[in-house]
Amino acid sequence: MLTRRHLMASGAAALAAPFLARPVLAAAHAQAPVLPAAQKFAIGDISVTALNDGALRLGPEVLQGIDAEDYATAMRDQFRDPDTFRAPVNAFLIQSGDTTMLVDAGTGGAMGPDLGRLMGNLAATGVAPEDITTILATHLHPDHVGGAIEGGAALFPNAELVFNEAERTFWTDDAIMQQAGEGNAMFFNLARSVLDIYGDRLKPFSGEGEVAPGITAMPLPGHTPGHTGFAIASGDASLLIWADIVHVTPVQLANPAVTIGFDVNPEQAAETRAALLDRVVADRMLIAGSHIDFPGLGHIMQAGEGYAIIDAPYPYAD
Ligand SMILES: [Zn+2]
C-alpha cells in the first residue's frame, strides 16, 4: 500500500516550494513520534551527552579540492548516498560534579526548520536551559552559537559564554566584515549579537589551557581564527571534542586536503586537520565531532591514503 509517507519519501516534498516544505514535514511528524536524539557517554566520572540539532545538506558545490564525481565516489566508498548526504549538527552536554556545560548550542532559528532541535533534545535529558552554567563555544558560527539566543535574548539565562578571544577579534572587526562582503554579513551579525547578549557573562580565553575542571581548550585554527577543540579527561578516560575538523566526514577523512567554503583560512584549516588526524591516530584518541554522524564519537584509523572512523561503542546501560 502506498501511504502518504511513501509519497513524500519519493520526492514530492523535495519538489514542493520551500514555503510548503514545513507543513508537509509537520504532517509527517504528526504521524510518527520523534524520538529524542540524545546519547549519553561516560568519560571517567564526567558524563558527555551528544545532542543533535538536525542536519544540513553539504553537497560537492560547497567543497574545494574535489569535483562532483570524486565526491560521489568517496560517498559510495563509505556507503553514503552522494545525492542525499546530510551532515549533522551536534552539540555536547557535559555534566561534571555540580557543573552543567554545553559545548556549542546548535542553530536555534538561524538555519531553517530542518535544524534547531537542540532544545527539545536537551529537554529529553531532564536538563533545563537554566541549569546550564557554561557554554563552551568551539567558535562563533551560526550552527554553533545561533541556538544560544532568540529574539535578542539569551536562551541560557545563567550561562557564562566561554570562547577563544581570537573569535571576538575577528568577528567584531569592521574592516574584515566589509572585506568579507554582503554574502557573509550574517555570520558577523550573528556572532556580534551573541557577544552583545551575553555581554556581562563573557569568559574569553587565549591559547591552550584549562577552561573548566578536567576540560582543556585546544586551539585548532583555520576553519575560523579561534576555532577550538575541548579535551575532556577524567581518570584514565579522555575525549577530544574536535568541533569542525571535518564537515563532510566521508570526503574529508578520505581526503583531508579538501576544504569547505565556510573556512575562513582554508589552507590553515587543511594543515590543522592533517596535523590533528595524525595525532589522534598516533595517540588512539576518542574524538567527537560537531558534524560527524550522530552521536559523533569515534576513533580514527588510517585507511589507504586517508582515514576512516570507527564509531564509539554503544554505551549499554549497566
Ligand atoms: Zn560547524
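The values are calculated or read from the model by the stated rules, or taken from the named source; none is laboratory data. Quick caveat, the model's predicted, so the values are computed rather than measured. Cβ atoms come from the backbone with ideal geometry, glycine included; neighbour counts cover every protein chain shown. Accessible surface is based on the protein model in full, side chains and every heavy atom, while ligands, DNA and RNA are left aside. Shrake-Rupley method; radii C 1.70, N 1.55, O 1.52, S 1.80 Å.
Let me have the relative contact order for the chain, percent, based on Cα pairs under 8 Å that are six or more residues apart. All intermediate terms of the calculation are to be shown ahead of the outcome.
Numbers: 627 pairs, mean separation 49.6, N = 318.
Once normalised by length, the contact order is 16 percent.
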| message | Less than 13 Å Cβ to Cβ from Leu297, Lys/Arg counted +1 and Asp/Glu -1: what total charge do the surrounding residues give? | response | -1
| query | Build a GNM of the chain with springs between Cα atoms under 10 Å: which of Arg168, Arg273, Arg57 gets the top mean-square fluctuation? | reply | Arg57
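What is the sum of charges, Lys and Arg at +1 and Asp and Glu at -1, for the other residues whose Cβ falls under 10 Å from the Cβ of Phe188?
Details: positive: Arg192; negative: Asp173, Asp174.
Neighbour charge sum, excluding Phe188 itself: -1.
For the chain, just say rounded, prolate or oblate: build the C-alpha gyration tensor, square-root its eigenvalues into a ≥ b ≥ c, call rounded for a/c under 1.5, and beyond that prolate if a/b exceeds b/c, oblate if not. Could you put the intermediate results ahead of the total?
Numbers: a/c = 1.21, a/b = 1.14, b/c = 1.06.
The shape class here is rounded.
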| said: If you take every residue apart from Val251 with its C-beta less than 10 Å away from the C-beta of Val251, what net charge results, scoring Lys and Arg +1 and Asp and Glu -1? | reply: -1
| said: Roughly how far apart, in whole Å, are the Cα centres of segment 69-111 and segment 227-276? | reply: 12
| message | If R₀ is 25 angstrom, what is the calculated FRET efficiency for the pair Asp200 and Thr169, using the beta carbon separation as r and rounding to 0.05? | response | 0.80
| query | How many Å³ per residue does the convex hull of the Cα positions in segment 231-318 occupy? | reply | 100
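What accessible area per residue, rounded to a whole number of Å², is obtained for segment 69-166 using a probe radius of 1.4 Å? Please list the in-between numbers first.
Details: 3750 Å² over 98 residues.
Ligands and nucleic acids excluded, the figure is 38 Å² per residue.
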| field | Shape call, segment 131-212: gyration tensor on alpha carbons, a/c limit 1.5 | value | oblate
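If each residue of separation counts as 0.36 nm, what is the full-extension length gain between Ile176 and Asp278 once their alpha-carbon separation is subtracted?
Between Ile176 and Asp278, full extension yields 33.5 nm more.
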| Unit charges at the beta carbon, dipole of the chain: most positive-side option, Ala237, Thr84, Gln31 | Gln31
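Which order do peptides 36-45, 224-233 fall in by mean Cβ count within 10 Å, highest first? Please list the in-between numbers first.
Details: 36-45: 17.0, 224-233: 23.3.
Ranked by mean Cβ neighbours within 10 Å, highest first: 224-233, 36-45.
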| HN-Hα J couplings of segment 247-263 from phi, Karplus 6.51/-1.76/1.60, θ = phi - 60°, integer Hz, Gly and Pro as x? | 10, 10, 3, x, 7, 7, 6, 5, 9, x, 6, 6, 10, 10, x, 8, 5
| Each label point is 7 Å from the Cα along the Cα-to-Cβ direction; what then is the distance between the points at His299 and Asp311, in nm? | 1.7
